[in-house]
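Structure record follows, encoded as structure tokens.
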Amino acid sequence: MLRKRLEMVSKMVREGVRAADIGTDHAYLPIFLVEKGICPSAVAADVVPGPLKNAQKNIALHRLEDKISTRLSDGLDDLTPDDGDDFIFAGMGGTLIVELLERTDWIRDGSKRFIFQPMSHGEDVRRFLCENGFEIICEDACRDSGRIYIALCAEYTGRVTKPPVSFYYTGKLTQCEKDEAGIYLSRQTERLKKAIDALEKSGGSDPELRLAVDQMMKIQSL
Ligand SMILES: C[S@@+](CC[C@H](N)C(=O)[O-])C[C@H]1O[C@@H](n2cnc3c(N)ncnc32)[C@H](O)[C@@H]1O
């Protein structure tokens, strides 16, 4: 059985498409997607040989070698657009995810979907998407082993957007009715409020972050 965090991610993958899981480690996600018949095939990619060996072992245990291939790749560097339709980045920091996206031009293709489950700095991912012509289609949150996780998916439209700065911190989680989304948003607001208060007490300032916090507090009081 897949952990709730990865189950949340799996629900954003379109039925019938090929998936590519970047930073796959154990390959639990591609195995689940193929076994459940959501994807006919998948690529399980990782930059470190050890995790990729784990992936290969698990794929063989499930007798899925003919449907799931593995790839040693730093981000998308050794993948091509032909390797998949839905590209997943789960369990990585948002800053790393952005670094990996920034150096790959072919991601600007409206037929592809990108699914992210950032462990931190989701704001970096949203900012990159808005500034580079991607539309965030949906966001979700879940609780897994006592921790709240978020996931979002996006597609390229070519339309660059400049949303209110708070959007980078909240994304479309404001439209998600789950308790977990509300908890995530109020924790995020508190965390940023503390950070900005501490900065201002020591004489510093970050007008953009202050604006984001003010906007988030306003949204939450509605
Ligand atoms: C915490 S694990 C997440 C595994 C799985 N995606 C999940 O969500 O459970 C992060 C994985 O990302 C891989 N990784 C880190 N940097 C990477 C990069 N630049 N390109 C591809 N994989 C990377 C690591 O080797 C590790 O296996």
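Looking only at Cα atoms, what is the convex hull volume of the stretch 50-114 per residue, in Å³? Don't jump to the answer; show the numbers that get you there.
Numbers: hull volume 6.7 nm³, N = 65.
It is 102 Å³ per residue.
Once each part is reduced to its C-alpha centroid, what is the distance from the stretch 33-89 to the stretch 165-221 in angstrom?
When both Cα centres are located, 36 Å separates them.
With every protein chain present, what accessible area does M92 have (1.4 Å probe, heavy atoms only), rounded to the nearest 10 Å²?
Per-residue accessible area (M92): approximately 30 Å².
What percent does the relative contact order of the chain come to when contacts are Cα pairs within less than 8 Å and at least six residues apart? Don't skip to the answer; put the middle values down first.
On the way: 416 pairs, mean separation 35.0, N = 222.
Averaging sequence separation for qualifying contacts and normalising by length gives 16 percent for the chain.
Within straight cross-link reach of K172, meaning Cα distance under 15 Å, which aspartates and glutamates are found once same-chain residues fewer than 8 apart are removed?
K172 reaches E123, D124, E135, E139, D140, E155, E180.
What is the spread of the Cα atoms of the chain along each of their three principal axes, largest first, in whole Å?
58, 36, 31
Run the numbers for D82 and E155: contour at 0.36 nm per residue of separation, minus the present Cα-Cα distance, in nm.
The D82-E155 span can extend by a further 24.6 nm.
Give the carbon-plus-sulfur fraction of the accessible surface of the chain in %, rounded to a whole number; probe 1.4 Å, heavy atoms of protein chains only.
Numbers: 5520 of 10980 Å².
Roughly 50 percent, rounded to a whole number.
Peptides 201-208, 38-45, 130-137, 58-65: what's the order by average Cβ count within 10 Å, highest mean first?
Numbers: 201-208: 9.4, 38-45: 23.1, 130-137: 17.1, 58-65: 14.8.
Ranked by mean Cβ neighbours within 10 Å, highest first: 38-45, 130-137, 58-65, 201-208.
What FRET efficiency comes out for the pair A195/T174, r = Cβ-Cβ distance, R0 = 25 Å, nearest 0.05?
Details: r = 20 Å, r/R0 = 0.82.
Efficiency for this residue pair is about 0.75.
At 7 Å along the Cα-to-beta-carbon direction for both D206 and K218, put a label point, then send me their distance in nm to one decimal.
Each label point is offset 7 Å from its Cα along the Cβ direction, giving 2.0 nm.
The values are calculated or read from the model by the stated rules, or taken from the named source; none is laboratory data. Just so it is clear, the structure is predicted and the values come from calculations on it, not from any experiment. Please note: Cβ atoms are built from the backbone with ideal geometry, for glycine as well, and neighbour counts cover all protein chains shown. Heavy atoms of the whole protein, side chains included, go into the accessibility calculation; ligands, DNA and RNA do not. Shrake-Rupley method; radii C 1.70, N 1.55, O 1.52, S 1.80 Å.
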